[in-house]
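The numbers here are math on the coordinates, done by the rules we state, and not lab data. It should be emphasised that the depicted structure is a prediction, and the values quoted were computed from it without experimental measurement. Note that each Cβ is placed from the backbone with ideal geometry, even for glycine, and that neighbours are counted across all protein chains shown.
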Number of protein chains: 2
Amino acid sequence: MTGIPPAPAVDLTGLTAERAGRLRKALSEAPFDAVVLTTPESILYATGYRSVAGALFRAHRMAAVVTADDCWLVCPAADTAPAVDGGLPEDRVVPFGRFYFESSGPTPLTGVADRHPDVYAALRTAIEAAGAGLRHGVEGLAGDPALGAAVGDGAEADATGWAIRVRGLKLPGEVELLRYAARLAEAGVRAALEIAEEGVTEQALAEAIATTMVAGGGEPRFVVATTGPRSALSDAHPTDRRWRRGELARFDVGCLYAGYWSDIGRTAVLGEPDTRQAGHYAAILAGLDEQIAVTRPGVAVSEVFDVAVRTVERKGVSPYRRHHCGHGIGLAVYEPPIVSPGVAVELEPGMTFCFETPYYNIGWGGMMVEDTLVVTGDGVDLFTRSPRELPVVAI
Amino acid sequence: MTGIPPAPAVDLTGLTAERAGRLRKALSEAPFDAVVLTTPESILYATGYRSVAGALFRAHRMAAVVTADDCWLVCPAADTAPAVDGGLPEDRVVPFGRFYFESSGPTPLTGVADRHPDVYAALRTAIEAAGAGLRHGVEGLAGDPALGAAVGDGAEADATGWAIRVRGLKLPGEVELLRYAARLAEAGVRAALEIAEEGVTEQALAEAIATTMVAGGGEPRFVVATTGPRSALSDAHPTDRRWRRGELARFDVGCLYAGYWSDIGRTAVLGEPDTRQAGHYAAILAGLDEQIAVTRPGVAVSEVFDVAVRTVERKGVSPYRRHHCGHGIGLAVYEPPIVSPGVAVELEPGMTFCFETPYYNIGWGGMMVEDTLVVTGDGVDLFTRSPRELPVVAI
């Protein structure tokens, strides 16, 4: 398949070690000695382990206990073997629940069933193994009192924001994975526009996008390809609706690559745009371009929001009502900081964002450009490479 | 692409109405007058609405309030326009949170922002609209006390099991969608075996599977394609490991089609199997075949488990330790009843199951056959059609 970007040359094992190193360095400066991570993203960050079941079942729970020089993964018994295969030592994986592995040689993996009844009991074992007298930060503590009870007296602080801040400043390898995931999504939209013609269905456009993501090793996770009035619906599944001459199509698509997300947006028109389409597109693109132009270290995130809304309105889409004009991205598709009013967080090199200025007009249509980038020492490094003008599909 | 099964001729709008009818009929026989549904699956069942964001964000919440003759969807403001596009009346969609739609004509969708601060406040509004004095069953009540507070005095019962039982007996249209999703997964595995040769990577096998699912309109959701010793890992992501002569490959794959899941398993060997591979495969296949053979209305689910374990052991894989040998499937990939010891639920026509007899031996490999079927009046209707013998990839 043409158009697939070259795969990133990132050593995932090395990246896991680098992330763990960054976590330990942050821990050395934190008001606690150890941290209990409870989101799949933070656990992947710390351990390199990404659970297949974890993405399928809402009730799936894991935890990681990270100290200055050690790490335990608390996981369902079924997750133990793949976690060990991924590089975790057998004696650092603490299982709960029932699952059976047999073995052709001696391994503790044959005894993972029924070691603990639930995640909390297994977490208590991991906490004890980590050592007495430690002060623990706990991700998600405020939302789950049972976590605090499991950690015990050492549960000193909710580490949710702390974990997000550590994960927020991306390592070079993470930047390359996010760049690749974004380019794969972009290649998907390009493939959709290549097969587009009058009467093409939303589903056919979506299929072209997903096929491209898969061909590049990505896992498609959302493929919004909506045409005509449906382009105004914000997130909606593609249907058998046919794209007609003069109509907008809006694409908002993302995939996973090695655990890292993409989320990009593009708009196109079938045939030449009318004045309103061209004018509104110019306005939202100007808003996005101004966001990119003001982005550099030290600028408040709220300013990136404000400049987007001001610019889009000044260029003629008024009122332009938005609750956010972008978000962080990484191991989660939305990561704080959200590009929203009043967010005083200052931009730092290594932060990765999606910036976007979508416009949804029921009955008329919707349009957006959404780009992904990393903040650099003096501005931005843009991941996406598509032409900026409104793509016109010739008919 | 060859091998894609013909798409099912199911009218999704009609199916939504049929599901709602079944829900209402069950409600007329329930110990409550109305039901508050809170899982994405039950909400899709009742309303036909499947949220894109709902599959991406753990914090995404919705609810549906269903009475004898009406229905309200409680959802984030961003979900209102796609829900209305899907057929829900504007005045039956109760939004919370902040999101802005503009419009080229009069519609309440321009005013969905900030109507309610959260799902609970919006749910209170929907409950009031449904009428005073109703007794409510509430799905997920036990796990979320705030739900009970939002519903108020009428929150009489936890309706989690009730909703599962209603969804558990599939309508003919649901059976056809599940059959198609299963055949799409099966076609994926077939495509993987067609490209297989010595040295093919797990990732290339997974790509063939996902591409096939996408080509048939499916959304790939898990693609376990593991080779050699990695086939023993239960669920694990594919890697760049190469499949070698004499090794097993294990496939456990599923996709979504119109909200319905598939989950099938297959095993293959590259070149001729050795005695142990052939013998173990014969044993696990015999276990699965016996499950299918005993399945008919009135049989206890636990018996389907017991016969699987007894048969696999008798055929020479001993001990054969399993916590389950299958599960219901539908709008969720795992639905009760789980095919486990002690589950006294009796099989009924219309129940859909995945039956499976996986075997995971660390260091040696893993194997499974997992089939999907619907219980009929006198036995089963098997969805999967692959040959039953161990597929041998010629080299």
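Classify segment A:1-151: rounded, prolate or oblate, from the alpha-carbon gyration tensor (a ≥ b ≥ c, eigenvalue square roots; a/c under 1.5 rounded; otherwise prolate if a/b is larger than b/c)? Taking the square roots of the gyration eigenvalues as a ≥ b ≥ c, segment A:1-151 is oblate. The residue list B:G152, B:L171, B:L109 was ranked by how far each Cα lies along the charge dipole of segment B:105-178 toward its positive end, using unit charges on Cβ atoms, and B:L171 comes out on top. Summary of the geometry: segment B:295-363 and segment B:185-203, compared by the centres of their Cα atoms, lie 27 Å apart. Starting from 0.36 nm per residue, how many nanometres of slack lie between A:A17 and A:E194 once their C-alpha separation is accounted for? Contour length minus Cα-Cα distance gives 59.6 nm.
R0 = 41 Å: FRET efficiency of A:R310 with B:H323, Cβ-based, nearest 0.05?
Values: r = 58 Å, r/R0 = 1.43.
After rounding, the FRET efficiency stands at 0.10.
With a Förster radius of 22 Å applied to the beta-carbon distance between B:S104 and A:V392, the computed FRET efficiency rounds to 0.50. Copy-to-copy label distances for A:A17, where each label lies 7 Å from Cα along Cα-to-Cβ, are 6.4 nm in order of increasing length. Note on segment A:330-393: percent of Cα-Cα distances in each 10 Å bin, starting at 0 and stopping at the bin with the largest distance, equals 17, 43, 30, 10, 0. Sequence-ordered 3J(HN,Hα) estimates for segment A:96-111 from the Karplus curve with 6.51, -1.76 and 1.60 and θ = phi - 60° stand at 9, x, 10, 7, 10, 10, 8, 7, 9, x, x, 7, x, 5, 6, x Hz, glycine and proline given as x. Rounded, prolate or oblate for segment A:172-393? Axes are the square roots of the Cα gyration tensor eigenvalues, ordered a ≥ b ≥ c, and the cut-off for rounded is a/c under 1.5. Cα axes put segment A:172-393 in the oblate bin.
Label-point spacing at A:G271 relative to the other copies reads 6.2 nm, in ascending order, each point sitting 7 Å out from Cα along Cα→Cβ. Give me the angle, in degrees from 0 to 90, between the Cα long axis of helix B:12-28 and the longest principal axis of the Cα atoms of chain B, rounded to the nearest 10. Helix B:12-28 sits roughly 70 degrees off the main axis of chain B.
The order of B:L382, B:L37, going from fewest to most other C-beta atoms within 10 Å of their C-beta, is B:L382, B:L37.
Candidate cross-link partners of A:K315 among the aspartates and glutamates, defined by an alpha-carbon separation under 19 Å and a same-chain spacing of 8 or more, comprise A:D274, A:D289, A:E290, A:E303, A:D306, A:E356, A:E370, A:E389, B:E102.
For segment A:172-393, averaging the sequence separation of C-alpha pairs within contact (under 8 Å, six or more residues apart) and dividing by the residue count gives a relative contact order of 23 percent. Remark: label point of B:I195 defined 7 Å out from Cα along the Cα-Cβ vector; separations to the same position in other copies 1.5 nm, ascending. Entry note, chain B: the mean residue ellipticity at 222 nm calculated from DSSP H runs of n ≥ 4, each adding -39500 (n - 2.57), is -10500 deg cm²/dmol after division by the residues and rounding to the nearest 500. Ranking of B:T275, B:T125 by neighbouring Cβ atoms within 10 Å, starting from the fewest: B:T275, B:T125.
Take the alpha carbon gyration tensor of the protein assembly as shown, find the square roots of its eigenvalues, order them as a ≥ b ≥ c, and report rounded if a/c is under 1.5; if not, report prolate when a/b exceeds b/c, else oblate.
Numbers: a/c = 1.36, a/b = 1.23, b/c = 1.11.
It comes out rounded by the Cα gyration axes.
Site pair A:A129 and B:A293 shows an inter-label distance of 4.4 nm when each label is modelled 7 Å from Cα along Cα→Cβ. For chain A, the longest principal axis of the alpha carbon atoms and the long axis of helix A:275-294 meet at an angle near 40°. Helix A:202-215 versus the longest principal axis of chain A: what angle, 0 to 90°, nearest 10, using Cα atoms? That helix lies at roughly 50 degrees to the long axis.
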